[in-house]
Amino acid sequence: VQLAAALVHSPELLVLDEPLAGLDPPGIDAIGAVLVEQAKAGCCVLFSSHQLDLVENLCEAVTIIDHGRLVVSGSVDSLTTAGARRLVVRVEGDRDGAWAQCLPGVTISEVDRGSVRLVFGDELDSDVVLKAAMAAGRVTEFSLERRRLSEVFREARGVNAP
């Protein structure tokens, strides 16, 4: 309702605070579609959000502020494709990613229901990671992925893991 009221006068600038907070997935999709539609129609859409995964899906450019300080700014594509490589690996039966704990030159960014998100530089070959994962069990997922905005935020603040 508040978004509809804000759009009634076809504004050139739309400033919203946490427009996706408290919404279920269909609500997020609906509001997100409206925001994208407004931006495509030429409206400058500016909003604040702590839900960086949703921001990543909706926005072309972001500015991340932490405690009133500019942390990082740029296009979503440039921010998420820069930096160290990310590899997501799942080993069947290992919900904690224990197999990856001792990999040299690798930082575990997150473990989510058995999928281990690893960060590593060019000095490490992904074949080494694959061999270690295969030694631990059946590998059901193995893919290179972009950085997430949440990782960009943590890295800019000097925090490697959640």
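The values are calculated or read from the model by the stated rules, or taken from the named source; none is laboratory data. Computed from a predicted structure; not experimentally measured. Using ideal geometry, Cβ is built from the backbone for each residue, glycine included, and neighbour counts are taken over all protein chains shown. With ligands, DNA and RNA removed, areas are computed over all heavy atoms of the protein, side chains included. Shrake-Rupley method; radii C 1.70, N 1.55, O 1.52, S 1.80 Å.
Helix 25-40 and the longest principal axis of the C-alpha atoms of the chain enclose an angle of approximately 60°.
For L16, the residues whose modelled amide H falls within less than 5 Å of its own, excluding neighbours fewer than 5 places apart on the same chain, are L46, F47, S48. Sorting 29-40, 88-99, 135-146, 5-16 by average packing, meaning the other beta carbons within 10 Å per residue, from highest down gives 88-99, 29-40, 135-146, 5-16. Roughly how tilted is helix 126-136, in degrees to the nearest 10 and between 0 and 90, from the longest Cα axis of the chain? Orientation of helix 126-136: about 70 degrees from the principal axis. Under a 5 Å amide H cut-off, with hydrogens placed 1.01 Å from N, V72 pairs with I64 among residues at least 5 apart or on other chains.
The share of Cα pairs per 5 Å bin across region 1-57, counted from zero up to the longest distance, runs 4, 18, 33, 28, 13, 3 percent. Of the solvent-accessible surface of the chain, computed with a 1.4 Å probe over protein heavy atoms with every protein chain present, carbon and sulfur atoms account for 53 percent. With both bridge residues required to lie in region 1-85, what share of the DSSP beta bridges run antiparallel, to the nearest 5%? In region 1-85, approximately 55 percent of DSSP beta bridges are antiparallel ones.
Shape call for region 29-105 from the C-alpha gyration tensor, a ≥ b ≥ c root eigenvalues: rounded (a/c under 1.5), prolate (a/b greater than b/c) or oblate? Prolate shape, in that a/c is at least 1.5 and a/b is the bigger ratio. Normalised by 2.2 N^0.38 Å, where N is the number of residues, the alpha-carbon radius of gyration of region 14-162 equals 1.21. Solvent-accessible surface of region 1-88, taken per residue with a 1.4 Å probe and all protein chains present: 64 Å².
The equivalent ellipsoid of region 93-162 has semi-axes of 21, 14, 11 Å, largest first, where each one is the square root of 5 times an eigenvalue of the Cα gyration tensor.
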